[in-house]
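Working notes, structure below.
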Amino acid sequence: MPLGPLARMEAQQDWGGIAAAYALEGEWSQAASFLQRTPGSPERDSDLAAVALARGDHERALRLLDGALAAKPDLTQALWNRALVFREMGLTLRASALFEEVAKRNEQGWGREAHAQALALREATLERQRQWKGARDATLALMEDPKAPLPMDAARQMPGTVRGIFYDVVRAAASK
C-alpha cells in the first residue's frame, strides 16, 4: 500500500479506511489496531470479528458477533460473518441456515451470493451424509452375509467409519 494514500487517510482520521487497506493486504494486526481507534459500534465489532476469523480465532469472532447482533439484529454483515465463522468451524448446516437468513433479507450484493453459499454448503453436507450412510450400510451387510465383500470403495472414502463398523461386525460374529 503506497504511503501517500495512507497518510491522507490518517490526516482525515479515516481509521476504518486504513484498517480496510491493511486487511486487503492481509496485515491483520495492523487492521485490528486501526479498527480499535474507531468508535465502538456493532459495525466495528463485526469488522473486528472478520479480522479474528482471518486469524483463526473463532471464539473471539463469535463473541464479537454475538455482541454486534445483540445490539443491532438487522446488521447483515455481522450475520454474514457469523455464517463464515460457522463454515470455517465445520458447522456447515448452521452456516447454511445463516446464509439463507442473509439471502432472505434480499439486500443487493448479498442475497444471491448468500443463497448460493447456503445451497453449496447444504449439498456438500448432504452428500457426506449419503456417503457415510452408504459406507455404514455396506459394512453392516457383512453381519447378515459374512461372505459379502468388504466395501473397499467405501473404506477408501470413509476409512474411520468402515473400520469402526467392521470391528462391530467382527465382535458380533458367531464364529471366526
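The values are calculated or read from the model by the stated rules, or taken from the named source; none is laboratory data. Please read all numbers here as calculations on a predicted model, not as lab measurements. Quick reminder, even Gly has a Cβ in these numbers, built from the backbone with ideal geometry, and neighbours come from all protein chains shown. When the accessible area is computed, the model is the full protein with side chains, heavy atoms only, and any ligands, DNA or RNA have been set aside. Shrake-Rupley method; radii C 1.70, N 1.55, O 1.52, S 1.80 Å.
Pairs of Cα atoms under 8 Å, at least six residues apart: use those to get the relative contact order of region 90-176, whole percent. Intermediate results must be reported in sequence, preceding the final value.
Values: 72 pairs, mean separation 19.0, N = 87.
With pairs under 8 Å counted, the relative contact order is 22 percent.
Accessible surface for the chain, divided over its residues, is 62 Å² per residue with a 1.4 Å probe.
The phi-based Karplus calculation (6.51 cos²θ - 1.76 cosθ + 1.60; θ = phi - 60°) puts the 3J(HN,Hα) values of region 132-143 at 4, 4, x, 5, 4, 5, 5, 6, 5, 4, 5, 5 Hz, whole numbers, x for Gly and Pro. In the chain, a dipole from Cβ-located charges (positive for Lys and Arg, negative for Asp and Glu) runs towards its positive end, and of His58, Ala172, Ala95 it is Ala172 whose Cα lies farthest in that direction. The phi torsions of region 11-26, fed into the Karplus equation with coefficients 6.51, -1.76 and 1.60 and a -60° offset, translate into couplings of 4, 8, 6, 8, 5, x, x, 5, 4, 5, 4, 5, 5, 4, 8, x Hz, rounded to whole numbers, with Gly and Pro shown as x. Computed per residue of the chain from DSSP H runs no shorter than four, each worth -39500 (n - 2.57), the mean residue ellipticity at 222 nm is -25000 deg cm²/dmol. Within region 62-86, list the residues whose amide N lies under 17 Å from a label point set 7 Å along Cα→Cβ of Ser41. Only 65, 67-79 fall inside the zone, counting backbone N under 17 Å. Mean separation of Cα pairs under 8 Å and 6 or more residues apart, divided by the residue count, gives the chain a relative contact order of 10 percent.
With the convex hull built on the Cα atoms of the chain, state its orientation-averaged projected area in nm². It would help to have the intermediate numbers written out before the result.
Details: hull surface 57.4 nm².
Computing the convex hull of the Cα atoms and averaging its projections yields 14.3 nm².
For region 90-176, carbon and sulfur atoms together expose 56% of the accessible surface, with a 1.4 angstrom probe and every protein chain in place. Positive end of the dipole of the chain (Cβ unit charges, origin at the Cα centre): among Pro5, Leu24, Thr161, the Cα lying farthest that way belongs to Thr161. Listed values for region 28-39 are Karplus-derived 3J(HN,Hα) couplings in whole Hz (6.51 cos²θ - 1.76 cosθ + 1.60, θ = phi - 60°), namely 5, 5, 5, 4, 5, 4, 6, 5, 4, 7, 7, x, and x replaces Gly and Pro. Modelled spin labels at Tyr167 and Ala71, positioned 7 Å past Cα toward Cβ, are 4.9 nm from each other.
Highest mean first, the peptides 155-164, 41-50 sorted by other C-beta atoms within 10 Å per residue fall in the order 41-50, 155-164. The value of relative contact order for region 1-93, using C-alpha pairs under 8 Å at least six residues apart, is 19 percent. Rounded, prolate or oblate: which fits region 1-81 when a ≥ b ≥ c are the square roots of the eigenvalues of the alpha-carbon gyration tensor, with rounded for a/c under 1.5 and prolate only if a/b beats b/c? Prolate, because a/c is 1.5 or more and a/b exceeds b/c.
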